[in-house]
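The values are calculated or read from the model by the stated rules, or taken from the named source; none is laboratory data. Just so it is clear, the structure is predicted and the values come from calculations on it, not from any experiment. Cβ placement follows ideal geometry from the backbone for every residue including glycine, while neighbour counts extend to all protein chains displayed. To get the accessible areas, we keep the full protein, side chains included, count just its heavy atoms, and leave off ligands, DNA and RNA. Shrake-Rupley method; radii C 1.70, N 1.55, O 1.52, S 1.80 Å.
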Amino acid sequence: MTLYRLHHTTIYDYTEAAVVLGTHFLHLLPRERPGQTVLAARLDISPTPDSRRDEVDHFGNLTTTVSITGAHREFRVAMSATVEVGQSGPPAATSAWEEIAARSLDDVDLAEFCLPSALAAPDGEIAAYAAASFPADRPILEALLDLNGRLYSDMTYEPGATGSATTAFQAFAGRRGVCQDYAHLMLACLRALGLPARYVSGYLRTHPPPGQEKLRGADQSHAWISAWAGPEAGWIDFDPTNRLLVRDEHVTLAWGRDFHDVSPLRGVIVGGGRHTVRVQVDLDPLPLPL
């Protein structure tokens, strides 16, 4: 079990002209899930919104919608939270992957995570790549770990090589990308086999090089996937960017079918012109209470 203090600040600077009207939709409050308890969380927004609506979306994520009508040259959102994380390890044995695929489309809660989405749709090449990890009768956990490791080995992590609209097909063609691309590609592989899997957004604890202090604000948002491993095992999270089975160094923010469902901040503005965006993230462990 690990206790974290989390800070995530996003600042939009409108240097060309003031924004006179803005409506923003946020996925920035961490959610409860098995193995994760949110002890406290808040959003501080500047300028102060004229209206704010906090809701829960279709996937159970916390959402916030704000509107600002006064002219402003900066929009700032600061999220702070205290989260306890301690996901249990997977079971020693899991069912064959074909059994899980055969039953999933009949379950309304799983079926939507089996189907293609805009950023995570498989094609023939992705299906063939996925099939190498899923021979007949292989236990699903063993197959998932194999695919997770192959993606880590076969892809090159390269910031700037892709963008937020890059599809799994495009990332696979170039064999490079960032955590979002690794996640979308693993999702597309699993959906090619009829297996339920969801896109997870959140944060990963980082460690500084030996002998160096951690830089403030240098942590980043992260993405990984959660795969359904059958009713006995439930959902199991995998981080293909780092070849990890997710345990207590990841904090979950939200999940959906792909990045489009859980974009941290999007909206519509009137005015503003060109702008710059600054993001700072800190995820720090805290001592557990006695």
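So, in region 107-145, how many residues would count as being more than 21 Å from the chain's Cα centre (by Cα) and open to solvent by 40 Å² or more (accessible area, probe 1.4 Å)?
Within region 107-145, residues that are more than 21 Å from the chain's Cα centre (by Cα) and open to solvent by 40 Å² or more (accessible area, probe 1.4 Å) number 14.
Of everything in region 246-263 that's open to solvent by 20 Å² or more (accessible area, probe 1.4 Å) and at pLDDT below 95, which residue is farthest from VAL77 (Cα to Cα)?
In this case the residue turns out to be ARG247.
Quick check, is GLN170 assigned to a helix (DSSP H, G or I) and open to solvent by 10 Å² or more (accessible area, probe 1.4 Å)? Explain how you work it out, then say what you get.
Numbers: assigned to a helix (DSSP H, G or I): yes; open to solvent by 10 Å² or more (accessible area, probe 1.4 Å): yes.
Yes, satisfied.
Quick check: anything in region 18-36 of a type in the set (S, T, N, Q), open to solvent by less than 30 Å² (accessible area, probe 1.4 Å), in contact with a strand residue (DSSP E or B) (Cβ under 7 Å, 6 or more places away or on another chain) and more than 18 Å from HIS250 (Cα to Cα)?
The initial filter retains those residues of region 18-36 that are of a type in the set (S, T, N, Q), namely 23, 36.
Subsequent filtering for residues that are open to solvent by less than 30 Å² (accessible area, probe 1.4 Å) retains 36.
The next check asks that each one be in contact with a strand residue (DSSP E or B) (Cβ under 7 Å, 6 or more places away or on another chain); those that pass are 36.
With the extra rule that they be more than 18 Å from HIS250 (Cα to Cα), the set shrinks to none.
No: zero hits.
Between ASP237, ASP181, ASP248, ASP284, which is within 24 Å of THR166 (Cα to Cα), among the charged types (D, E, K, R), in contact (Cβ under 8 Å) with a residue 24 or more places away in the chain and out of contact with any helix residue (DSSP H, G or I) (no Cβ under 6 Å at 6 or more places or on another chain)?
Just one listed residue meets the conditions, ASP237.
Each row is one residue, and each column tells you yes or no for (1) more than 26 Å from the chain's Cα centre (by Cα); (2) in contact (Cβ under 8 Å) with a residue 60 or more places away in the chain.
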{"position": "ASP13", "(1), (2)": "no, yes"}
{"position": "GLU16", "(1), (2)": "yes, yes"}
{"position": "ALA40", "(1), (2)": "no, no"}
{"position": "SER51", "(1), (2)": "yes, no"}
{"position": "VAL56", "(1), (2)": "no, no"}
{"position": "ASN61", "(1), (2)": "no, yes"}
{"position": "SER67", "(1), (2)": "no, no"}
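Which residues, counting only those in region 264-290, are in contact with a Phe, Trp or Tyr (Cβ under 7 Å, 6 or more places away or on another chain) and open to solvent by 80 Å² or more (accessible area, probe 1.4 Å)?
Across region 264-290, the qualifying residues are ARG266, HIS275.
Please enumerate the residues belonging to region 256-280 that are within 17 Å of ARG31 (Cβ to Cβ) and β-branched (Val, Ile, Thr).
Answer for region 256-280, where residues must be within 17 Å of ARG31 (Cβ to Cβ) and β-branched (Val, Ile, Thr): just VAL262.
Restricting to region 83-106, name every residue that is more than 17 Å from PHE134 (Cα to Cα), open to solvent by less than 60 Å² (accessible area, probe 1.4 Å) and not β-branched (Val, Ile, Thr).
Of everything in region 83-106, those that are more than 17 Å from PHE134 (Cα to Cα), open to solvent by less than 60 Å² (accessible area, probe 1.4 Å) and not β-branched (Val, Ile, Thr) turn out to be GLU84, GLY86, GLN87, GLY89, PRO90, PRO91.
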